[in-house]
Amino acid sequence: MKIQQALLAEFLGTFFFCFAGIAAILSATPAVGSGAGIVGIALAHGLALSVAVNAFGGISGAHFNPAVSVAFLLTGRLPPSRFLPYVIVQLAGATVAAAACRAVFPPDAVTQAQLGIPLPAAWASASSVLVGEFIMTFLLMTAIYGTAVDERGKAVKIGGFGIGLAVAFNILAGGAVTGASMNPARSFGPALVQGNFQWHWAYWVAPIAGACVAALLYEMVLLKE
């Protein structure tokens, strides 16, 4: 597969995911008043990711997430020459999605939701954020391996749906605590556009660690030779 096609697929897939997620959060603010709540936000993220994985998985592998790319690089499933280009276009896709949402929605909604930046609850500690994001990304990466890498899981043919559901249930479980990013690009795009990098380091460290541990565990223990 040509690298240009793969990079475009990664850009578009990340845009799918981030635009839908950020827009759902902004729509749920008092300024817009969709009333979707956390269930609607979870469904928007999960459904968009499901569609993106099914649309672009055959082109790029459907990472759409720097933590996933790091994990696949670590396990030899992503060539080193593709790693940095993948991460760059993922961050670009998330940034363009955030900028588009900022242009579409009223300023009050953007301010109320901080443009959908995944941020912890006021009471959450650093350990809450790190442990929560680690666990949620661990579960997401396990779902990716189980449905889209393991041939036994691929035979069930629910890859994109299963991965999207993993994101959705993680947002329902941890969205009110950490913002449920699970994806450094999802955090980076709105943080850059909004100029708010509070807690940003944690949303790189924990998802990458969770994805790598899950990938190594699945690769070394659960996969057949």
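What to note about this one:
Matching residues to (1) more than 14 Å from the chain's Cα centre (by Cα); (2) open to solvent by 10 Å² or more (accessible area, probe 1.4 Å); (3) β-branched (Val, Ile, Thr); (4) modelled with pLDDT of 95 or more:
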site: Thr111; (1), (2), (3), (4): yes, yes, yes, yes
site: Glu151; (1), (2), (3), (4): yes, yes, no, no
site: Gly175; (1), (2), (3), (4): no, yes, no, yes
site: Met182; (1), (2), (3), (4): no, no, no, yes
site: Asn196; (1), (2), (3), (4): yes, yes, no, yes
site: Trp204; (1), (2), (3), (4): no, yes, no, yes
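- Listed by position, the helices (runs of 4 or more DSSP H) contained in the stretch 59-121 that have at least 1 residues being out of contact with any helix residue (DSSP H, G or I) (no Cβ under 9 Å at 6 or more places or on another chain) are 80-104, 107-113.
- Test for Ser181: is it within 21 Å of Ile41 (Cα to Cα), part of a helix (DSSP H, G or I), touching a Ser or Thr at 6+ places or on another chain (Cβ under 6 Å) and among the small types (Gly, Ala, Ser): no
- Test: residue in the stretch 34-53 that is of a type in the set (Gly, Ala, Ser), assigned to a loop (DSSP other than H, G, I, E, B) and in contact (Cβ under 8 Å) with a residue 40 or more places away in the chain: no
- With respect to (1) crowded, with 24+ Cβ neighbours inside 10 Å; (2) out of contact with any Cys (no Cβ under 9 Å at 6 or more places or on another chain), the lone exception for Pro30 is condition (1).
The values are calculated or read from the model by the stated rules, or taken from the named source; none is laboratory data. On a predicted model such as this, the values are computed, not experimentally measured, just so you know. Here the Cβ is made from the backbone with ideal geometry for all residues, glycine too, and neighbour counts use every protein chain on show. The accessibility values were calculated without ligands, DNA or RNA, using every heavy atom of the protein model including side chains. Shrake-Rupley method; radii C 1.70, N 1.55, O 1.52, S 1.80 Å.
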